[in-house]
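Data first, discussion second: the structure below is written as structure tokens.
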Amino acid sequence: MTPSADQHEAVPPQFPMTRSCPFSPPEQYAKLRESEPVSRATLKVNGKPAWLVTTHEHVKKVLGDSRVTANLKLPGYPLQVPVPEEMLQAVPLTFLSMDPPEHTVQRRMLAPEFGLRRMRALRERVQQIVDVQIDEMLATGGPVDLVKALALPVPSHVICELLGVPYKDHPRFEEWAWAIMNHEISEEDRGRAHYELDRYVDGLVTAKESEPGDDMISRLIEQNRAEPAVEHSDIVSMARLMLVTGHETTANMIALGTLALLENPEQLKAVKEDAELLPKAVEELLRFFSISDSGTARVALEDIEIGGVTIRAGEGILPLNNSANHDESVFPEADTLDFHRKEARSHLAFGYGIHQCIGQNLARLELEIVYGTLFRRIPELRPAAPLSELKFKDDAMVYGVYELPVTW
């Protein structure tokens, strides 16, 4: 007989857990991997129980199991932010929270927009956007906040052009995205952000239904007219998801990756001396930070056994990417940044299974171009504030740094 929830007598830890170092996962992750890789925790946001899954092997197993669901409307789903039940049930699911066949239909519609062919065609435009932002940095002179000057504008501008969203509106949707993804925002403010963002995106989709352009939203509309598969509200949902996730995660990785390079001069020197090392550096930085532990939350649809532990149907599961990507059995000396690491591409920073991040090719493209261009054009870039004074996003669903002062 395998242990289950009712056999765990000890007081469970709370989740999310606190980092003692901004470049490392919470210390408890390593302890859990060693002593109790599948363990109970209580969620800080509401005190509800959830299972933490911490090893690389077990995280992959959960995320690849058809007996678990990402449906956030189920009672056992381990929400990381406070959302009123009536609001939760009223908000349409995005394809990230759907199961097949609905998930399959929407992912198939979106997949060509993020394929390698479209990414190759996009490379020149991303390079132009990055160069313009760096031009402005150089014209302004240091010190500047790299988050505002580069990390946020680049992915915001790229996703706006892809979707056909007016870039002049970026301050509005960036504010809405921040409110939606912040642990500590009030329910009222989060609800308002959801409502205003939905109304904004719905207006965009409605306008493109009568006047299409050369953009992702218009192509989704035309594709659906040719072969009806989804409703208007589904296209709104897909566009909203792309708008929020298309800039928030990459912006945080741009800032964190730049900071890590500045704080690891030997690794930075290696990248400067060997441009072919850059793709490996991107993979290692993605593994090293693994900025979202919340995006892979699941609920068991039936009893499943993970690592000798029975997780009952209806119970919430948090397969922790950040812990899995620091699993020493897969990534030796995992807390060390190593751009020559052969195993880096095995990371789970983009998730795993049917819900693996559809925008990962775009993220890689943006990160490679930003890191490569920034240190080529401003080789003397350096921090303008000590690491100890920086404020990190411990209060958000996606980890990052609020400001990164740099100079040259």
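The values are calculated or read from the model by the stated rules, or taken from the named source; none is laboratory data. Given the structure is predicted, the values throughout are model-derived calculations rather than measurements. We place every Cβ from the backbone using ideal geometry, glycine too, and count neighbours over all the protein chains shown. Surface areas here come from the heavy atoms of the whole protein model, side chains and all, with no ligands, DNA or RNA. Shrake-Rupley method; radii C 1.70, N 1.55, O 1.52, S 1.80 Å.
A few points about this structure:
- If you wrap the tightest convex hull around every Cα atom of the stretch 284-361 and split its volume per residue, you get 103 Å³.
- The relative contact order of the stretch 93-205, computed from alpha carbon pairs under 8 Å that lie at least 6 residues apart in sequence, is 14 percent.
- Shape annotation for the chain: C-alpha extents along the principal axes are 65, 54, 38 Å, from largest to smallest.
- Mean silhouette area of the stretch 320-390, derived from the convex hull of its C-alpha atoms and averaged over all directions, reads 6.9 nm².
- Take every Cα pair under 8 Å whose residues are at least 6 apart in sequence, average their separation, divide by the length of the chain, and the relative contact order is 27 percent.
- The stretch 58-172 - Rg over Rh from alpha carbon coordinates, Kirkwood radius: 1.08
- Compactness index (Cα Rg / 2.2 N^0.38 Å), the stretch 8-98: 1.21
- Full extension of the chain between Glu175 and Ser233 yields a length gain of 18.6 nm, computed as 0.36 nm times the residue separation minus the alpha carbon distance.
- When only alpha carbons are used to place a centre, the stretch 279-337 and the stretch 343-408 end up 19 Å from one another.
- Using C-alpha pairs below 8 Å separated by at least 6 residues, the relative contact order for the stretch 369-408 is 42 percent.
- Anchor Lys280: aspartates and glutamates whose Cα lies under 16 Å away (excluding residues fewer than 8 positions away in-chain): Glu266, Asp338, Glu343, Glu366, Glu368
- The label point for Glu85 and the one for Asp303, both projected 7 Å from the Cα toward the Cβ, are 2.7 nm apart.
- For the chain, with +1 on Lys and Arg beta carbons and -1 on Asp and Glu, the positive-most of Gly246, Ala41, Pro386 along the dipole: Gly246
- Solvent-accessible surface (1.4 angstrom probe) belonging to Asp338, in square angstrom, nearest 10: 50 Å²
- Over 26 Å (Cα to Cα) - which of Lys148/Lys391; Lys168/Lys208; Lys60/Lys342; Lys60/Lys148; Lys31/Lys393; Lys31/Lys61 fall in this group: Lys60/Lys148
- Estimated translational D of the stretch 228-338 in µm²/s (Stokes, Kirkwood radius over Cα pairs; 10 °C; 1.306 mPa s): 92 µm²/s
- Highest-first packing order for the peptide set 315-323, 239-247, 140-148 is 315-323, 239-247, 140-148, based on the mean count of other beta carbon atoms within 10 Å.
- With a 1.4 Å probe rolled over the protein heavy atoms of all chains, the accessible area of Trp51, Trp178, Trp408 falls in the order Trp178, Trp408, Trp51, largest first.
- Measuring between their Cα centroids, the stretch 220-277 and the stretch 136-194 lie 13 Å from each other.
- Cross-link reach is defined here as a Cα-Cα straight distance under 22 Å, omitting same-chain residues fewer than 8 places apart; for Lys73 the lysines meeting it are Lys44, Lys48.
- Counting only Cα atoms, the size of the stretch 175-298 along its three principal axes is 54, 39, 28 Å, in decreasing order.
- Simple Cβ-charge dipole of the chain, Lys/Arg +1 and Asp/Glu -1, about Cα centre, in debye nearest 20: 580 debye
- Averaging 1/r over each pair of different alpha-carbon atoms in the stretch 262-408 and inverting the result gives 17.4 Å, the Kirkwood hydrodynamic radius.
- Distance-filtered residues of the stretch 357-399 - backbone nitrogen under 18 Å, label point 7 angstrom along Lys148 Cα→Cβ: 383-386, 390-393
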